[in-house]
Amino acid sequence: MSNRFNDQLEKTMRGSGRPLGFGQYTTPVKKRLFIIAQAGDNDKGTTLPGIDAVFVPGACQCRGEKSGVLHGCTGPAAAGCDFIVTDLNGAVDADPGEDTARLLAIKDDLTDAQLRALTGLDTAAVIAAVELGETLTFRELLAVQRLADFSGKPVILNLPKLYSKIELQALWHRGIAGVLVDSNSVDTAALRELVDSLEPKKRDKDRMMALAGVTANPAPAEADDEEPEIEPDTEG
């Protein structure tokens, strides 16, 4: 199902290269993390710099045509609403409509089997809450990677603070698609600056080829093209 939220999330995750052929030249866009900011109201959220979407918990405050920054709420969806956020206790029959994406809020206490089952649910992405400390640990990175590996959905990670570039880089490389931050505690302009400075993870294929190049055995010497000598016949 295609809608405005899905389209923009995919473009941000994948980036865009230079067009082939003789079409109009466009500057390639590097893929990056998708940024959602939680705000108290849409008017404030729309003015936040550097974000892709604004999420206002509670009944939908979206108004008018869908344009500019993406707008979301807890639901039910109204005109101008690009996405709604619900949890696993949300009603299945609360259909937001084809033009509105559904995001599912989850915690990291789900089992591996439950995470795999998320693949079959009609959701554009999951917003994941993980217990993250003031300084990220490798154990926390493993928890994040588990969600990204098993859920089968783009993972928007709920960040409690603005982490360092190294920490954000590590989180992105664990497979998350974006972040959700509280605009009251995180400077979205500073966050976007850090996000734009991150380097995408190299493809596993490229990494394996590089490792293979280091560990490969030397190529065997080429066979001699000279014909073997034939011993003269000494009989008779």
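Tabulated data
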{"item": "Residue selected from the stretch 116-139 under the condition in contact with a helix residue (DSSP H, G or I) (Cβ under 9 Å, 6 or more places away or on another chain) and buried (at least 18 other Cβ atoms within 10 Å of the Cβ), by the criterion farthest from VAL186 (Cα to Cα)", "result": "LEU118"}
{"item": "Subset of the stretch 137-154 [farther than 13 Å from TRP172 by Cα and either in contact with a strand residue (DSSP E or B) (Cβ under 6 Å, 6 or more places away or on another chain) or outside any helix (DSSP H, G or I) (or both)]", "result": "THR137, SER151, GLY152, LYS153"}
{"item": "Matching residues in the stretch 67-95 - criterion: being modelled with pLDDT of 80 or more and either farther than 20 Å from LEU121 by Cβ or in contact with a Phe, Trp or Tyr (Cβ under 8 Å, 6 or more places away or on another chain) (or both)", "result": "GLY68, VAL69, LEU70, HIS71, GLY72, CYS73, ASP82, PHE83, VAL85"}
{"item": "Cross-chain or 6+ apart pairs with Cβ under 8 Å, the stretch 154-181 first and closer than 20 Å to LEU103 by Cα, then of a type in the set (Gly, Ala, Ser) and open to solvent by 50 Å² or more (accessible area, probe 1.4 Å)", "result": "PRO160/SER185"}
{"item": "Members of the stretch 147-157 that are within 23 Å of LEU70 (Cβ to Cβ) and surrounded by fewer than 19 Cβ atoms within 10 Å (Cβ to Cβ)", "result": "GLY152"}
{"item": "Residues (in a loop (DSSP other than H, G, I, E, B), on the phi < 0 side of the Ramachandran plot and open to solvent by less than 40 Å² (accessible area, probe 1.4 Å)) located in the stretch 65-76", "result": "VAL69"}
{"item": "Selection count where residues are touching a residue at least 24 places away in the same chain (Cβ under 8 Å) and either among the basic types (Lys, Arg) or under 17 Å from GLN38 (Cα atoms) (or both), scope the stretch 72-100", "result": "5"}
{"item": "Residues being closer than 18 Å to THR135 by Cα and assigned to a helix (DSSP H, G or I) - total across the stretch 155-189", "result": "9"}
{"item": "Looking only at the stretch 87-103, and only at residues there that are of a type in the set (A, V, I, L, M, F, W, C) and more than 19 Å from HIS71 (Cβ to Cβ), the one that is most open to solvent (accessible area, probe 1.4 Å)", "result": "VAL92"}
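Conditions tested, residue by residue: (1) polar (S, T, N, Q); (2) modelled with pLDDT of 95 or more; (3) crowded, with 18+ Cβ neighbours inside 10 Å.
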residue	(1), (2), (3)
GLN145	yes, yes, no
LEU162	no, yes, no
TRP172	no, yes, yes
VAL179	no, yes, yes
ASP204	no, no, no
MET209	no, no, no
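The values are calculated or read from the model by the stated rules, or taken from the named source; none is laboratory data. No experiment lies behind these values; they were computed from the predicted model shown. As a convention, Cβ positions derive from the backbone with ideal geometry for all residues, glycine included, and neighbour counts pool all protein chains shown. Please note that ligands, DNA and RNA were not included when accessible areas were found on the heavy atoms of the full protein model with its side chains. Shrake-Rupley method; radii C 1.70, N 1.55, O 1.52, S 1.80 Å.
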